[in-house]
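The values are calculated or read from the model by the stated rules, or taken from the named source; none is laboratory data. Computed from a predicted model, the values in this text were never measured in an experiment. Counting neighbours? That spans all protein chains shown, and the Cβs are built from the backbone with ideal geometry, glycine included.
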């Protein structure tokens, strides 16, 4: 008997992970968009939107678009990029590690900032956080939630995912280094590296970027509230 399509056993597709194609295209898209956004963020005096809010919008949108392009190239399955549910304990762990990272900010900055050029690059973010209740709300949404989601999608969902093919050290350290350098060489770089290490390690342990998103969201939102309070 000739088997019909309905009678043939279903063979599950092998699990596919993003590779060099996704990494290369996502990186190219991100670089082009970041360069183009430089024209947008060079705002004239008196522009109605705070520079900090515009910078946060760019930081959320650019990596999010780069991730979307990588996702749609061929795999088209979020779970292959770490978009997977996890046990609530990992969610709580992510939030807790985010708070620990906040506490690490002061000693890390005290030790490393004098060695770095670039000075304070966060003044526009502080200005946005201290611009009143509406500005603070917009800052928390853009910088506290959307920016971490966008950055984790790209730097862990794509970059760390590809680098983990060569083991934990390459995947976690490599993606953390790329993430830190993407922020420039300035006072943000050390803590960006620390956040990259934490979120990369959580992805390696869980196979999901969700705990890392919680780390990043907790760290950013707490920092913005601290800025808003003038601390």
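Restricted to the stretch 118-133, and to residues there that are in a helix (DSSP H, G or I) and free of Cβ contacts under 8 Å to residues at least 12 places away in the same chain, the residue that is nearest to residue 60 (Cα to Cα) is 123. Counting only residues that are within 17 Å of the chain's Cα centre (by Cα) and not in a helix (DSSP H, G or I), which one in the stretch 77-117 is surrounded by the most Cβ atoms within 10 Å (Cβ to Cβ)? The selected residue is 82.
Restricting attention to the stretch 137-149, does a residue exist that is touching a residue at least 12 places away in the same chain (Cβ under 8 Å) and farther than 23 Å from residue 189 by Cβ?
Within the stretch 137-149, one or more residues are touching a residue at least 12 places away in the same chain (Cβ under 8 Å) and farther than 23 Å from residue 189 by Cβ.
If the condition is being free of Cβ contacts under 8 Å to residues at least 40 places away in the same chain and within 28 Å of residue 30 (Cα to Cα), then the stretch 72-114 contributes 72, 76, 78, 79.
Just checking, does the stretch 134-154 include any residue being at pLDDT 95 or above, surrounded by 13 or more Cβ atoms within 10 Å (Cβ to Cβ) and not in a helix (DSSP H, G or I)? No; the residues of the stretch 134-154 include none that is at pLDDT 95 or above, surrounded by 13 or more Cβ atoms within 10 Å (Cβ to Cβ) and not in a helix (DSSP H, G or I).
Table: residues versus (1) surrounded by 24 or more Cβ atoms within 10 Å (Cβ to Cβ); (2) within 21 Å of residue 82 (Cβ to Cβ).
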{"residue": "170", "(1), (2)": "no, yes"}
{"residue": "175", "(1), (2)": "yes, yes"}
{"residue": "182", "(1), (2)": "no, yes"}
{"residue": "189", "(1), (2)": "no, no"}
{"residue": "193", "(1), (2)": "no, yes"}
{"residue": "208", "(1), (2)": "no, yes"}
{"residue": "212", "(1), (2)": "yes, yes"}
{"residue": "223", "(1), (2)": "no, no"}
{"residue": "230", "(1), (2)": "no, no"}
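Comparison of 62, 32 shows that the only residue that is modelled with pLDDT of 95 or more and within 29 Å of residue 134 (Cα to Cα) is 62.
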